[in-house]
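Colleague: Below are the structure tokens for one structure; questions will follow.
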Amino acid sequence: MTVPVDRGASRRRFLAAGLAMAAGGGAALADPKNLPPNVPEWTRSLGEGVGARPYGRPSKYEQEVVRRTVPWLTATPESSVSFTPLHQLDGIITPNGLCFERHHAGIAEVDPADYRLMIHGMVERPLIFTLEDLKRLPRVNRIYFLECAANSGMEWRGAQLNGCQYTHGMVHCVQYTGVPLKLLLAQAGLKPKAGWILAEGGDAAAMTRSLPLAKALDDCLVAYRMNGEMLRPEQGYPARLVVPGWEGNMWVKWLRRLKVGDEPWFTREETSKYTDLLADGKARQFTWVMDAKSVITAPSPQAPVRQKGFLVISGLAWSGRGSVRRVDVSLDGGRNWRPARIDGPVFDKACVRFYYELDWNGEPLLLQSRAMDSTGYVQPSKDDLRKIRGVNSIYHNNGIQTWAVRPDGEVENVEVG
Ligand code: MTE
Ligand code: CO
């Protein structure tokens, strides 16, 4: 059932029309015996008692809200990635079970009793912390996004993957609880020449990255909780490095060792990988910060528009250089921009949620969003990015995404020239 909506109508009228359609539109799928004036099934009998679900899980009707993989993308599931279902989420916090995973050698299952974090190298007192040692230290709570440097990496040469889960789903945003790294380093005592830190993971990949000391002393954490509970194994249980605003690869999981030195180690992950190959064959190295980026999560290819009329456009924006100050939305492929409404908390180096509401009568749209951050930086178009970066790269693609909305409400990943 379609309720015609006057394009000039007030927002209240859009809302009223939308609700009327929702009631009418939903009726086709509903079982009449559960609808008014009948007493629905769930009101006729007692429900499951408390204790039946010692660890709660989503409703059985939400089984489609899951991480997904792209099987052809990687050779093995151990060195692979699963993507956050951004199109099915709202607000800024990613539920723990839906945070994308990126492992280079599978999920290490670390026994917390055997967990140790070693700090050594250019320190006065080499130290080994147990998990209990870490938990006894003063702790902080911080909400940060984590984005893999390879997020949107398939899109450098043109529109590829049909869904924001796949084009942008290597990002999550959770609240971490952990110990400031500077506190741990102060306990070990830095020697005067200290300038870099090697972080090593305890998984079979033994992931290693060099971290400049200034960043380590600024805002890095050794986190052991996410969204209140202990880290999930997928996210590095029992402890991981949190490197706010910087590429996900540096957020070493199952963190086992921090070595202090006076120069970078030039590990595999900062030479052959996680460097950005330019058009002239040279590569940028140590491009740690994730620049401002945004994406419309709905409508998007996996979340088509089901009804004409009042439509909420929703998306996420983030910046590794500070906070998101503004998000603009375009309905016509970037010709005209209008400010979106940011709703919910705005934190430094965290995701923000934005909305743009309109009355949609079935006209084709070219939806785009662009983020502006507290440094004044504006998210670039893909073409502007390519002018500087070429198309050889995999990493650090923060170009503006375009979704084409067709008259039937289907949505497709496209590029505008
Ligand atoms: N740490 C270890 N020890 N092993 C890994 O494979 N992958 C890195 C980083 N830390 C990795 C790791 C990469 S490339 C990313 S993007 C993030 O972890 C992903 O974090 P997540 O799995 O919590 O999303
Ligand atoms: Co990564």
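Colleague: Looking at the stretch 201-213, I want the residues that are over 23 Å from Pro77 (Cα atoms) and have a partner that is within 15 Å of ligand 2 (Cβ to nearest atom) and among the charged types (D, E, K, R) with Cβ atoms under 8 Å, at least 6 apart or on another chain. Which pairs are those?
Modeller: Cβ pairs passing all conditions: Ser210/Glu270.
Colleague: So, one more: For Val289, indicate whether it is buried (at least 21 other Cβ atoms within 10 Å of the Cβ), modelled with pLDDT of 95 or more and either under 30 Å from Leu89 (Cβ atoms) or away from ligand 2 (no atom under 16 Å from the Cβ) (or both).
Modeller: For Val289, the condition - buried (at least 21 other Cβ atoms within 10 Å of the Cβ), modelled with pLDDT of 95 or more and either under 30 Å from Leu89 (Cβ atoms) or away from ligand 2 (no atom under 16 Å from the Cβ) (or both) - is not met.
Colleague: Being part of a loop (DSSP other than H, G, I, E, B) and more than 9 Å from ligand 1 (Cβ to nearest atom) narrows it down to one of Ala214, Ala194, Ala205, so name that one. So that I can check it myself, show each step before the final result.
Modeller: Values: Ala214 fails: part of a loop (DSSP other than H, G, I, E, B); Ala205 fails: more than 9 Å from ligand 1 (Cβ to nearest atom).
So the residue among Ala214, Ala194, Ala205 that is part of a loop (DSSP other than H, G, I, E, B) and more than 9 Å from ligand 1 (Cβ to nearest atom) is Ala194.
Colleague: Scan (1) assigned to a loop (DSSP other than H, G, I, E, B); (2) touching a strand residue (DSSP E or B) at 6+ places or on another chain (Cβ under 9 Å) for the single condition Ala279 breaks and write down its number.
Modeller: Condition (2) is where Ala279 drops out.
Colleague: Across the stretch 140-163, what is the number of residues that are in a loop (DSSP other than H, G, I, E, B), more than 17 Å from Ala298 (Cα to Cα) and away from ligand 2 (no atom under 14 Å from the Cβ)?
Modeller: Count: 5.
Colleague: Being surrounded by fewer than 20 Cβ atoms within 10 Å (Cβ to Cβ), more than 16 Å from Thr94 (Cβ to Cβ), in the same structural domain as Thr267 (by TED's automatic domain parsing) and touching a residue at least 40 places away in the same chain (Cβ under 8 Å): is that true of Gly228 here? It would help to see each step written out before you state the result.
Modeller: Working: surrounded by fewer than 20 Cβ atoms within 10 Å (Cβ to Cβ): yes; more than 16 Å from Thr94 (Cβ to Cβ): no; in the same structural domain as Thr267 (by TED's automatic domain parsing): yes; touching a residue at least 40 places away in the same chain (Cβ under 8 Å): yes.
When the stated conditions are applied, Gly228 does not pass them.
Colleague: Looking at the stretch 217-257 only, could you name the residues that are more than 11 Å from ligand 1 (Cβ to nearest atom) and touching a Cys at 6+ places or on another chain (Cβ under 8 Å)?
Modeller: Pro244
Colleague: Would you confirm whether any residue within the stretch 147-157 is out of contact with any His (no Cβ under 9 Å at 6 or more places or on another chain), surrounded by fewer than 18 Cβ atoms within 10 Å (Cβ to Cβ) and not hydroxyl-bearing (Ser, Thr, Tyr)?
Modeller: Checked the stretch 147-157: at least one residue is out of contact with any His (no Cβ under 9 Å at 6 or more places or on another chain), surrounded by fewer than 18 Cβ atoms within 10 Å (Cβ to Cβ) and not hydroxyl-bearing (Ser, Thr, Tyr).
Colleague: What are the pairs with Cβ atoms under 7 angstrom where one residue, in the stretch 254-270, is in the same structural domain as Leu127 (by TED's automatic domain parsing) and over 30 Å from Met230 (Cα atoms) and the other, located anywhere, is part of a strand (DSSP E or B) and not polar (S, T, N, Q)? Sequence gap at least six, or different chains.
Modeller: Gly261/Gly121; Gly261/Trp196; Gly261/Leu198; Asp262/Trp196; Glu263/Trp196; Pro264/Trp196; Trp265/Leu198
Colleague: Answer with yes or no whether Arg268 is charged (D, E, K, R), surrounded by 15 or more Cβ atoms within 10 Å (Cβ to Cβ) and within 15 Å of ligand 1 (Cβ to nearest atom).
Modeller: Taking the combined requirement at face value, the residue does not satisfy it.
Colleague: Continuing with the same structure: Looking at the stretch 169-196, which of the residues that are under 29 Å from the mean Cα position of the chain (by Cα) and surrounded by fewer than 19 Cβ atoms within 10 Å (Cβ to Cβ) is nearest to ligand 2 (Cβ to nearest atom)?
Modeller: Gln175
Colleague: With the stretch 32-139 as the region, which strands (runs of 3 or more DSSP E) entirely inside it contain at least 1 residues that are outside the structural domain of Leu198 (by TED's automatic domain parsing) and within 16 Å of ligand 1 (Cβ to nearest atom)?
Modeller: 80-82
Colleague: Would you check if Tyr166 is out of contact with any His (no Cβ under 6 Å at 6 or more places or on another chain), under 19 Å from Ile92 (Cα atoms), touching a residue at least 24 places away in the same chain (Cβ under 8 Å) and surrounded by 20 or more Cβ atoms within 10 Å (Cβ to Cβ)?
Modeller: Yes.
Colleague: Determine which member of the set Gly121, Gly106, Gly91 is surrounded by 19 or more Cβ atoms within 10 Å (Cβ to Cβ) and of a type in the set (Gly, Ala, Ser).
Modeller: On inspection, the qualifying residue turns out to be Gly121.
Colleague: Further question: Every residue in the stretch 292-319 that is part of a loop (DSSP other than H, G, I, E, B) and surrounded by fewer than 23 Cβ atoms within 10 Å (Cβ to Cβ), please.
Modeller: Let us first name the residues in the stretch 292-319 that are part of a loop (DSSP other than H, G, I, E, B), namely 292, 299, 301-302, 304-308, 319.
Selection gives Pro301, Gln302, Pro304, Val305, Arg306, Gln307, Lys308.
Colleague: Considering every residue within the stretch 176-196, establish whether at least one is in contact with a Cys (Cβ under 7 Å, 6 or more places away or on another chain) and not aliphatic (A, V, I, L, M).
Modeller: Of all residues in the stretch 176-196, those in contact with a Cys (Cβ under 7 Å, 6 or more places away or on another chain) come to 181.
Right, trim to not aliphatic (A, V, I, L, M) and you get none.
No: zero hits.
Colleague: Here's a follow-up. Could you please give the count of residues in the stretch 334-361 that are touching a Leu at 6+ places or on another chain (Cβ under 8 Å), surrounded by fewer than 18 Cβ atoms within 10 Å (Cβ to Cβ) and in contact (Cβ under 8 Å) with a residue 60 or more places away in the chain?
Modeller: Of the residues in that region, 2 qualify.
Colleague: Can you tell me which of (1) aromatic (Phe, Trp, Tyr); (2) closer than 30 Å to Val405 by Cα; (3) assigned to a strand (DSSP E or B) is the one Tyr166 doesn't meet?
Modeller: (3)
Colleague: Quick one: which of Ile394, Ile400 is modelled with pLDDT under 95 and not small (Gly, Ala, Ser)? Break it down into steps so the answer makes sense when it comes.
Modeller: Numbers: Ile400 fails: modelled with pLDDT under 95.
Just a single option satisfies the conditions, and that option is Ile394.
The values are calculated or read from the model by the stated rules, or taken from the named source; none is laboratory data. Because the structure is predicted, anything quoted here is derived from the model rather than measured. Positions of Cβ are backbone-derived with ideal geometry, glycine not excepted, and every protein chain shown enters the neighbour counts.
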